[in-house]
Amino acid sequence: MLGPIKLNTYCLKSHLASNTALISQWNTRIDIDNNGEGDLLGDNVLILPPKCPTKLNILIKIKRNDIVLTKNDSLLEEILSTFKKGRNFWENLLYDIECSINSDSYIQIQLTCKLWTSNKLLTLLENPISLRPHITAQPSLVFIRRVIIQAHFIHLDEEILDLSDIYFHFNEYFASLFISTLEFQFPLVFSNLARNRARWNESSLAPISYALTESSRLLPYMVQLVNNDTTATTAYQLLTRGRNIDPIDFQLLKI
């Protein structure tokens with residue numbers, strides 16, 4: 001069962017070298033696959049990256065004055081190159097990354113999750129949940145399949161648009177998208193701190209569960225504690241610690 005989540009339209013404005021305005025409009029849709037296992041809007045849902053070997057796809061379609069940039073457009077190739085140079089962001093988020101332009105002229109970012117491997121997903125979540133199907137309060141699992149972003153740049157036709165002009169818009173939008181939405185709604189997929197906390201604590205979860213219950217029953221609930229901890233968001237860290245935090249570099253594009 002595939003359920004799309006459509007985010008509100010977002011607009012940015014800057015100025016070109018000639019001091020004329022450059023406006024960008026952003027529309028994002030997130031496709032969720034819950035395989036009929038859980039209520040997407042429920043309180044006990046854990047949203048994760050796709051199960052291996054499926055990759056998490058981020059697809060970006062770019063238009064300029066209502067004209068779609070295609071594979072033959074040099075600007076699209078330049079944008080792809082900046083995504084490849086920004087791969088450190090995704091690696092710090094515990095993903096392997098591949099970037100390309102697909103046959104439909106989308107920039108395609110394919111992410112392979114290094115945190116939620118098949119064995120770890122089975123041990124910490126799927127097996128403990130399947131052994132107790134009669135308990136309705138336990139977490140259910142849903143999986144993000146892809147994120148589709150439509151970026152539309154609007155400017156005077158006589159102006160030449162180059163990479164330096166749109167570089168700011170891309171990074172500004174992605175920073176806003178992560179800080180205001182993705183980290184809050186999908187922490188086990190997109191929060192750097194939440195994913196790393198899960199990694200740091202994973203070896204302790206099973207001993208704690210078996211020490212307290214002599215079973216694996218607590219494992220999904222402990223993962224849920226990490227998922228529900230809003231202190232793992234950049235917004236919380238900025239509000240409470242200000243400049244004392246180690247900054248996360250949200251420059252997904254680097255020239």
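The values are calculated or read from the model by the stated rules, or taken from the named source; none is laboratory data. Quantities reported herein were computed from a predicted structural model and do not represent experimental measurements. Every residue, glycine among them, receives a Cβ derived from its backbone with ideal geometry; neighbour counts consider all protein chains shown.
Annotations for the structure displayed:
- Pairs meeting the criteria (first residue in segment 15-31 and in contact (Cβ under 8 Å) with a residue 24 or more places away in the chain and over 30 Å from VAL189 (Cβ atoms), second residue among the polar types (S, T, N, Q) and part of a strand (DSSP E or B), beta carbons under 6 Å, at least 6 apart or on different chains) are LEU22/SER14.
- None of PHE153, PHE168 is more than 22 Å from LYS114 (Cα to Cα), touching a Lys or Arg at 6+ places or on another chain (Cβ under 8 Å) and of a type in the set (Phe, Trp, Tyr) except PHE153.
- Selection within segment 111-151 - in contact with a Ser or Thr (Cβ under 7 Å, 6 or more places away or on another chain) and part of a helix (DSSP H, G or I): ASN127, PRO128
- The set of residues in segment 66-108 that are in a loop (DSSP other than H, G, I, E, B), surrounded by 14 or more Cβ atoms within 10 Å (Cβ to Cβ) and in contact (Cβ under 8 Å) with a residue 60 or more places away in the chain comprises GLY86, LEU93, LEU94.
- Scanning segment 171-191 turns up one or more residues that are surrounded by 14 or more Cβ atoms within 10 Å (Cβ to Cβ), more than 27 Å from GLN25 (Cα to Cα) and at pLDDT 85 or above.
- Residue within segment 96-107 that is at pLDDT 95 or above, farther than 20 Å from ALA151 by Cα and among the acidic types (Asp, Glu) present: yes
- Number of the exception - ASP157 against (1) out of contact with any Phe, Trp or Tyr (no Cβ under 7 Å at 6 or more places or on another chain); (2) touching a residue at least 40 places away in the same chain (Cβ under 8 Å); (3) crowded, with 16+ Cβ neighbours inside 10 Å; (4) not in a strand (DSSP E or B): (3)
- Pairs with Cβ under 6 Å, 6+ apart, first in segment 174-194 and in contact (Cβ under 8 Å) with a residue 40 or more places away in the chain, second part of a helix (DSSP H, G or I) and surrounded by fewer than 17 Cβ atoms within 10 Å (Cβ to Cβ): ILE179/ALA235
- The lone exception for ASP43 - which of (1) surrounded by fewer than 17 Cβ atoms within 10 Å (Cβ to Cβ); (2) among the charged types (D, E, K, R); (3) modelled with pLDDT of 95 or more it fails: (3)
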